[in-house]
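Here, each number is a calculation from the coordinates, and none is a lab measurement. In this text, all values refer to a predicted model and were calculated from it rather than measured experimentally. Cβ sites come from the backbone with ideal geometry, for glycine too, and all protein chains shown count toward neighbours.
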């Protein structure tokens, strides 16, 4: 519900609509910076973060926290399109004892449903460039297949650090 709320705020309230580009640019910058810092922190402090008290709690004990995270991160996704993978994956890694494959699978399934709702709502507002979507998919689908094939063959830590550095620089430039 919070992703559609963010999209509605941007499209339905004239004050936000007039400054939509600046709001999205700033929000993107802050979210990208947060994601990069979270990835870097996890790379350096991963041993100290595991296991933590949250990972030892039952799903029932974490339900309210997960819903709150969903509300906040869902709003961020609706506002910026950033975070459907990265923010939720970081939350899952911190809060649950999951294998990497489980985090990726759960995150992708969740992101699919979340961005489907956000995508359809944006399409209803006329905010989708379908030719660009098609061109992105032509490159992205083979890219995902290649990435899925090669990712087990590389050490993830250096790749994550390079990715985090690029995301951090991009975020700072947008702020």
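Given (i) 40; (ii) 43; (iii) 29 as candidate values of percent of Cα pairs over 25 Å apart, which corresponds to the one derived from the coordinates?
Only one option fits the structure, namely (i).
Which of the three applies to the stretch 77-152, rounded, prolate or oblate, going by the alpha-carbon gyration tensor with a ≥ b ≥ c and a/c under 1.5 meaning rounded?
Oblate, because a/c is 1.5 or more while a/b does not exceed b/c.
Compare the peptides 71-77, 52-58, 39-45 by average per-residue count of other Cβ atoms within 10 angstrom and give them in order, highest first. Mind showing how you got there, number by number?
On the way: 71-77: 20.3, 52-58: 11.1, 39-45: 14.4.
Result, highest mean Cβ count within 10 Å first: 71-77, 39-45, 52-58.
Shape of the stretch 126-172 from its Cα gyration tensor (a ≥ b ≥ c, root eigenvalues): rounded if a/c is under 1.5, otherwise prolate when a/b > b/c, or oblate?
oblate
Tell me, how many Å apart are the Cα centres for the stretch 22-38 and for the stretch 98-175?
16 Å
Give me the one-decimal nm value for the distance between modelled label points at residue 162 and residue 37, 7 Å along each residue's Cα-to-Cβ direction.
Roughly 2.6 nm, to one decimal.
I need the calculated FRET efficiency for the pair residue 148 and residue 19, taking r as the beta carbon distance and R₀ as 35 Å, to the nearest 0.05.
0.35
Given contacts defined as C-alpha pairs under 8 Å and at least six residues apart, what's the relative contact order of the chain, whole-number percent?
Values: 142 pairs, mean separation 74.7, N = 175.
Worked out over the chain, it gives 43 percent.
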